[in-house]
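The values are calculated or read from the model by the stated rules, or taken from the named source; none is laboratory data. Fair warning: this is a prediction, and the values are worked out from it, not measured in the lab. For neighbour counting, all protein chains shown are included, and Cβ atoms are generated from backbone atoms with ideal geometry for every residue, glycine included. When the accessible area is computed, the model is the full protein with side chains, heavy atoms only, and any ligands, DNA or RNA have been set aside. Shrake-Rupley method; radii C 1.70, N 1.55, O 1.52, S 1.80 Å.
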Amino acid sequence: MSTALLVFRREFAGYFATPLAAVFLAVFLAVAAGMTFFMANFFDRGQADLSAFFLWHPWLYLVLMPAIGMRLWAEERRSGTIELLMTLPVQPWQLVFGKWLAAWVFAGLALALTAPLWITVNVLGSPDNGVILASYLGSWLMAGAFLAISACVSALTKNQVLAFIGAVVIGFLFVMAGFDLVLAAVRPWAPDVVVQAIAAMSFIGHFQRITDGVLEAPAIIFFVSLIVFALWLNVQVLDARKAA
Amino acid sequence: MVLVETRALVKKFGAFTAVDGISFSVDRGEVVGFLGPNGAGKSTTMKIIAGFLEPTSGSAFIAGHDSRADSIAARRRLGYLPEGAPAYPDMTVASFLEFVAAMRGLSKPVARERLAELVERIDLAEVWNRRMDALSKGFKRRVGIAQALVHDPDVLILDEPTDGLDPNQKHEMRELIRTLAPNKAIVVSTHILEEVEAICTRAIIIARGRMLADSTPAELLARAPARDPSQTQIVRTTPLEDAFRHITLEQAGS
Ligand SMILES: Nc1ncnc2c1ncn2[C@@H]1O[C@H](COP(=O)(O)OP(=O)(O)OP(=O)(O)O)[C@@H](O)[C@H]1O
Ligand SMILES: [Mg+2]
């Protein structure tokens, strides 16, 4: 475990070694606020809650999480430092977990910086703070799922741009999975189980259950399992690349 | 005592065979020079020994530990300088070496002592707090060596440790390797043949993935073809170069 934390520390510090972190945080805040105020009519709704803010998170993360996660392995492969890392006497999962954790905590930091919004709605009215807290945690968990996917894709290539695109495409499938449009396209030819399985993969569906404050446990289990699975797959990818 | 052993290593990248049946062993106290033309398979072989790549067939052992089945134990005994001495550009020399020491399980006091010794020995004091993307090639390579020595391993695999160094630094690197040699098994790849005479107790020549020679530098010299005195050389070569060219070009011709 302490090995994973060492990796975490190095990686997390890496985010701040360049102005990239500040740029990213600024973009994140600007887009999150922009989507909330302009696209979801935060003020016109006359409702003191943050659902307009959380509504856009799956779409926001679809692009921003791959941007955080794309470098995790691809950069190491490009620069050759992966040879140093992979020849240390440590287990691959410790590296995988430490790297993902760094990205996840960084995403958590970005999310935490939106706290003024939370304060604002409390000044404007009296929102259900329990639901807002659950939404924040759910949002962070969903970010973790996007990041685990991004990390896994990043391990496949030394090209960060490819890693980004791959992660966005896969993330897009998970975001779209719950839409009637997609399900209607699948339903005519696929057995019911498959349709249900696809619907059950929906990021938006699970996230909405959390932000609505209902049925949180299955959604949490979903995101956690997906994270664990993607990280497990990340380890397998690293293993497979050795034999390539 | 055999510290490095490879048995019939084969590595294929798709249909291309980069390493084709490499077997050798290295005892404590030996410095083995790994020679061969570009693309011969030197780095690939070293990556397999270090456990970064898996062989298509065959196996590699470090201090008796299979680099695949028992990889953690094997890596504990190994210091590895990858080709090009990769380093994290955003880290300082200090934080990088401390990171490697910690990852290798050295406690803080032990690491501090060890790093202080290495700073001295490898002459890193002036760049200690500099970011690694601001280092010259020579210092980068020295940090790479320091990284490989942090845990005082029994086995050193160094992929072109003197590449890109100026003559003075080359000399220092060779001296360092010489002083380390008695207690370790060392494999160095190089394109500089004089280096082989200077530091190696044995030389292995590979080309196109095959082993063409495994002998002492002196024996290698004996394989140099006799010079034709009537032919004047446009570029002067050393006898060892003659031997190298003879051995590797002979295979290419066949
Ligand atoms: N990942 C890879 N995929 C495909 N081919 C590879 C890969 N790595 C190496 N090769 C090929 O294998 C051969 C051996 O490469 P290697 O790097 O081991 O040579 P080398 O002896 O170290 O050469 P140099 O002296 O130039 O460093 C080369 O032809 C190289 O192109
Ligand atoms: Mg090489």
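Listing for the model above:
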item: Count of the range B:36-60 residues which are within 17 Å of residue A:239 (Cα to Cα), open to solvent by 40 Å² or more (accessible area, probe 1.4 Å) and either within 13 Å of ligand 2 (Cβ to nearest atom) or under 15 Å from the mean Cα position of the chain (by Cα) (or both); result: 1
item: Test: residue in the range B:183-194 that is of a type in the set (Gly, Ala, Ser) and over 26 Å from residue B:145 (Cα atoms); result: no
item: Members of the range B:54-84 found to be aliphatic (A, V, I, L, M), touching a residue at least 60 places away in the same chain (Cβ under 8 Å) and not in a strand (DSSP E or B), listed by number; result: B:63
item: Residue among B:221, B:156 that alone is surrounded by 14 or more Cβ atoms within 10 Å (Cβ to Cβ), away from ligand 1 (no atom under 16 Å from the Cβ), within 14 Å of another protein chain (Cβ to nearest Cβ) and among the hydrophobic types (A, V, I, L, M, F, W, C); result: B:156
item: Answer from B:85, B:102 - the residue that is facing chain A (nearest Cβ under 10 Å), closer than 30 Å to residue B:129 by Cβ, within 16 Å of ligand 1 (Cβ to nearest atom) and not acidic (Asp, Glu); result: B:85
item: Search result, residues across the range B:87-103 that are free of Cβ contacts under 8 Å to residues at least 24 places away in the same chain and surrounded by fewer than 19 Cβ atoms within 10 Å (Cβ to Cβ); result: B:95
item: Considering residues of the range B:12-23 that are open to solvent by less than 40 Å² (accessible area, probe 1.4 Å) and within 8 Å of ligand 1 (Cβ to nearest atom) only, the residue nearest to the other protein chains (Cβ to nearest Cβ); result: B:18
item: Criterion violated by residue A:157 - all others in (1) away from chain B (no Cβ under 14 Å); (2) open to solvent by 50 Å² or more (accessible area, probe 1.4 Å); (3) more than 29 Å from residue A:54 (Cα to Cα) satisfied; result: (2)
item: Hits in the range B:24-53 (condition: in contact with a helix residue (DSSP H, G or I) (Cβ under 6 Å, 6 or more places away or on another chain), part of a loop (DSSP other than H, G, I, E, B) and within 12 Å of ligand 1 (Cβ to nearest atom)); result: B:36, B:37, B:52, B:53
item: Pick from the range B:104-118, criterion in contact (Cβ under 8 Å) with a residue 12 or more places away in the chain and assigned to a helix (DSSP H, G or I), ranking: most open to solvent (accessible area, probe 1.4 Å); result: B:114
